[in-house]
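Worksheet: one structure, shown below.
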Amino acid sequence: MIQFSNQETSFVLKNKLKIQDWVRNILIEEGKQTGEITYIYCTDDYLLQLNIHYLNHHTLTDIITFDYSENAKISGDIFISVERIRENAETFSKSFNEELGRVMAHGVLHLVGYKDKSEEDKTRMTEKENQYLAQFPNL
């Protein structure tokens, strides 16, 4: 099951059913099964507190992913800062929709097992993001 919720933001995700299908398609293409995945849209401050508490990182970020997957069944919580998405979209001259899709794909790709610490891993992650972003529904 793929769910969406908010923490400290009034952001409303449109086309939830299409996005659920899109996420399921990513998992199918990656040879995985859909478990319990929750996207939580939040503020910078909320995500910063999670980053400090759980990862000991004192920086703003656009996404934090908590992986609860078991074997091929993919489950986790994906926290996304709506404020970071807006700012990054402006910084990179992208639409909010495109940046949101990229970050949503990034989170589920982490759950699937992709990393982004090394340059090689970042390149592979970006390729995958681009592949799935091309299928992201219009919001």
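What follows draws every value from the coordinates through simple rules; no lab data is involved. All figures in this text were calculated on a predicted structure; none of them were measured in a lab. Every residue, glycine as well, gets a Cβ built from its backbone with ideal geometry; the counts of neighbours run over all protein chains shown.
Taking a ≥ b ≥ c as the square roots of the eigenvalues of the Cα gyration tensor, the stretch 59-112 is classed as prolate, since a/c reaches at least 1.5 and a/b is larger than b/c. The calculated P(r) of the stretch 42-139, using every Cα pair and 10 Å bins from 0, goes 16, 43, 37, 4 in percent. Among ASN51, ASN15, ASN97, the residue with the largest mean-square fluctuation in a Gaussian network model of the chain, with springs joining Cα atoms closer than 10 Å, is ASN15. Computed over the chain, relative contact order equals 24 percent, with contacts defined as Cα pairs under 8 Å that lie 6+ residues apart. Taking label positions 7 Å along the Cα-Cβ direction at both ALA72 and PHE92, the computed distance is 3.1 nm, reported to one decimal. Estimated translational diffusion coefficient (Stokes-Einstein, Kirkwood radius over Cα pairs, 20 °C, 1.002 mPa s) of the stretch 83-136: 188 µm² per second.
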